[in-house]
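The values are calculated or read from the model by the stated rules, or taken from the named source; none is laboratory data. Quick caveat, the model's predicted, so the values are computed rather than measured. Neighbour counts run over all protein chains shown; Cβ positions are idealised from the backbone, glycine included. Accessible surface areas use protein heavy atoms only, side chains included; no ligands, DNA or RNA. Shrake-Rupley method; radii C 1.70, N 1.55, O 1.52, S 1.80 Å.
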Amino acid sequence: MQLIPGMGPASACGMLDHMMGAADPIRALLDAPSPPRAADEWQAFVEMISNLRAGRSGWPAELERARRWYEPHLERLHEDAVTRRADLIQLEQIASGYPSRERFLTELTLDPPDATSDQSGVPLLDEDYLILSTIHSAKGQEWKSVFVLNVVDGCIPSDLGTGASEEIEEERRLLYVAMTRAKDDLHLVVPQRFFTHGQNAQGDRHVYASRTRFIPDELLGLFEGTVWPSILAGSTPRDPSQGVRIDVAARMRGMWR
């Protein structure tokens, strides 16, 4: 409600109190008198809520209906309205893959509470910390720096998501979601090789990976390429069989002895 010009915290709180005292809160909202300072905008808001409640648009058109109501406020409140609008349109396309609003919101739920019936507490974050997230859980989030891991075919798109053109398009949308979570810095990590399972601790069996098909060669000019570790000019690359090999698993077990 506070997106509406003229609706402050006190007005919104009064409207919520009015709704909570009714047997049908949404009907109470629709029948409530318009706030004096937000009459015109309030009517548009009520019409949108009424439309969503009646289900006349159907899913996922309901999401488009809500976005069209929100767009004027988006342009008024945010300098990067064009980018945010593109995110919302992308969200509508993702929503089309779910059969109902309930299923969509259930899948979109982010982090659960720490314990049953527990209240959220004061965040205990160091000055420098790392957030690990799946792409699905990152929807709606933004961070200054984002590292997208395993941007290779087989992971993005997943081997299980290439059976049909619609599935491949959904995988492309997921990569879009991941890349647009970054505010300042975006890093797409493309591993050169993956070590295979079922070998001894010091085994070297591996397969090579190729960059995701969603970033073809003609788009590479839009990215800054780098490798790690950095190789100095004139130096000879070290053969993998040279040097000391470290058994990381054994060292980890030794920490607990």
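Mind counting the residues in segment 148-168 that are in a helix (DSSP H, G or I) and open to solvent by 70 Å² or more (accessible area, probe 1.4 Å)?
Total satisfying the criteria: 5.
Residue by residue through segment 69-88, note down the ones that are closer than 18 Å to Q2 by Cβ, assigned to a helix (DSSP H, G or I) and open to solvent by 40 Å² or more (accessible area, probe 1.4 Å).
Y70, P72, E75, R76, L77, R84
Where in segment 169-227 are the strands (runs of 3 or more DSSP E), entirely inside, with at least 3 residues that are under 29 Å from L91 (Cα atoms)?
Answer list for segment 169-227: 182-188.
Starting from residues that are within 15 Å of G140 (Cβ to Cβ) and of a type outside the set (A, V, I, L, M, F, W, C), keep the ones in segment 169-195 and report whichever is surrounded by the fewest Cβ atoms within 10 Å (Cβ to Cβ).
K183
Output the number of residues of segment 7-19 satisfying the condition of being under 23 Å from R76 (Cβ atoms) and open to solvent by less than 30 Å² (accessible area, probe 1.4 Å).
Number of matching residues: 4.
What are the residues in segment 197-218 that are under 33 Å from the mean Cα position of the chain (by Cα) and either surrounded by 10 or more Cβ atoms within 10 Å (Cβ to Cβ) or closer than 16 Å to L149 by Cα (or both), if any? Quick ask: steps written out before the conclusion?
Going through segment 197-218, the residues under 33 Å from the mean Cα position of the chain (by Cα) turn out to be 197, 206-218.
Listed by number, the residues that qualify are H206, Y208, A209, S210, R211, T212, R213, F214, I215.
So how many residues does segment 20-55 have that are free of Cβ contacts under 8 Å to residues at least 12 places away in the same chain, open to solvent by less than 40 Å² (accessible area, probe 1.4 Å) and more than 32 Å from the chain's Cα centre (by Cα)?
The number of residues fulfilling the criteria is 2.
Name the pairs whose Cβ atoms lie under 6 Å apart, with the first residue in segment 135-148 and over 17 Å from L188 (Cα atoms), the second open to solvent by less than 60 Å² (accessible area, probe 1.4 Å) and not in a loop (DSSP other than H, G, I, E, B), and 6 or more positions between them or separate chains?
K139/V177
Among the residues of segment 129-161, write down those that are more than 17 Å from the chain's Cα centre (by Cα) and among the acidic types (D, E).
D153, D159
Please enumerate the residues belonging to segment 56-68 that are touching a residue at least 12 places away in the same chain (Cβ under 8 Å) and either among the charged types (D, E, K, R) or open to solvent by 70 Å² or more (accessible area, probe 1.4 Å) (or both).
E62, E64, R65, R67
So, in segment 235-257, of the ones that are within 18 Å of H206 (Cα to Cα), under 37 Å from the mean Cα position of the chain (by Cα) and in a loop (DSSP other than H, G, I, E, B), which residue ends up modelled with the highest pLDDT?
D247
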